[in-house]
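Q: Here it is, the structure in full.
The values are calculated or read from the model by the stated rules, or taken from the named source; none is laboratory data. Given the structure is predicted, the values throughout are model-derived calculations rather than measurements. Neighbour counts run over all protein chains shown; Cβ positions are idealised from the backbone, glycine included. Surface accessibility is based on the protein's heavy atoms, side chains included, excluding ligands, DNA and RNA. Shrake-Rupley method; radii C 1.70, N 1.55, O 1.52, S 1.80 Å.
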Amino acid sequence: MTLEAILTLSTLGATLIAMAVGVLRLDVLALLMLLSLGISGVLTVDELLSGFSDPVVFTITALFVVGQAIQSSGLAQRMGQGIVHITGTRELPLMIGLVIAVASLSALMSSTGTLSIFLPVAIALAKQLKIHPGRLLMPMAFAAFVGGMLTLIGTPPNLVVNTTLKEAGLAAFGFFSFSGPGVLALGVLILYFWLFGQKQLPQSTIDTSLSPPPDMQTLIQAY
């Protein structure tokens, strides 16, 4: 094994341990990892900075900006109210409505950002229905994952693969190239929770005397 390989594996191992321990923020750790690889000579300056000029990086960053705009503008709350208006307050229609809404939004932005938007909405709806929050949150988690299959920008790996194809001189994916299998997967997900999934979700109720669900800023600080 070469010295460069040893340094790379050591840096990667140290970074993973630091992430698990939580001693530093993830963005700080990522920059420190890059700097260590550059100082050790494993990467050249051009290689060190190449990621910052990658279109995929800017696209993913833009998706998080869009997610924050949706949250700050109050659109997420209006979406939650719209779902309740369409499905009513019955649990199963509400669950399916949330699954469709989360998957649709996840097709246009990161799944993490989508869940962060709908998290307070789902908790508030669970309290309103007097059910365990997990009965709405678990289907939402799967929906966010499946939503990444619906479009080219639904998940970062799609963008990475698409960029690699272009660099190799091959035909790139279209925006809706993944939509066929993605819609099929979403249909299977809805059918599963409709027929079987409800029995696997938490059955306990919640105490309605609890304080209102925390806002996103409180959740971020707690995390």
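Q: Testing residue 139 on (1) under 16 Å from the mean Cα position of the chain (by Cα); (2) open to solvent by 10 Å² or more (accessible area, probe 1.4 Å), one condition comes back false. Which one is that?
A: Only one criterion is unmet by residue 139, namely (2).
Q: Right, something else. I'd like the full set of residues that are surrounded by 20 or more Cβ atoms within 10 Å (Cβ to Cβ) and either at pLDDT below 85 or among the aliphatic types (A, V, I, L, M) (or both), limited to the range 97-112.
A: Hits for the range 97-112 are 98, 99, 101, 102, 103, 105, 107, 109, 110, 111.
Q: Against the conditions (1) out of contact with any helix residue (DSSP H, G or I) (no Cβ under 6 Å at 6 or more places or on another chain); (2) closer than 24 Å to residue 176 by Cα; (3) open to solvent by less than 20 Å² (accessible area, probe 1.4 Å), where does residue 65 fall short? Just the number, please.
A: Just one mismatch for residue 65, condition (3).
Q: Related question: Quick check on the range 69-96: of everything there that is open to solvent by 60 Å² or more (accessible area, probe 1.4 Å) and under 19 Å from the mean Cα position of the chain (by Cα), which residue is nearest to residue 193 (Cα to Cα)?
A: The qualifying residue nearest to residue 193 (Cα to Cα) is 77.
Q: Sticking with this structure for a sec: If a residue has to be out of contact with any Pro (no Cβ under 9 Å at 6 or more places or on another chain), hydroxyl-bearing (Ser, Thr, Tyr) and open to solvent by less than 40 Å² (accessible area, probe 1.4 Å) to count, how many in the range 156-188 make the cut? Steps first, please.
A: The first filter runs over the range 156-188 and keeps only residues out of contact with any Pro (no Cβ under 9 Å at 6 or more places or on another chain), leaving 156-158, 160-162, 164-188.
Then keep just the ones that are hydroxyl-bearing (Ser, Thr, Tyr); that gives 164, 177, 179.
Cutting the leftovers down to open to solvent by less than 40 Å² (accessible area, probe 1.4 Å) gives us 179.
Number of matching residues: 1.
Q: Could you count how many residues in the range 139-173 are hydroxyl-bearing (Ser, Thr, Tyr) and closer than 27 Å to residue 126 by Cβ? Reasoning before the result, please.
A: Initially, the range 139-173 is screened for residues hydroxyl-bearing (Ser, Thr, Tyr), giving 151, 155, 163-164.
Those still in the list that are closer than 27 Å to residue 126 by Cβ too: 155.
Final tally of qualifying residues: 1.
Q: Looking only at helices (runs of 4 or more DSSP H) that fall completely inside the range 1-52, which ones have 3 or more residues that are of a type in the set (S, T, N, Q)? Give the derivation first.
A: On the way: elements: 3-21, 26-39, 45-49.
Those helices (runs of 4 or more DSSP H) span 3-21.
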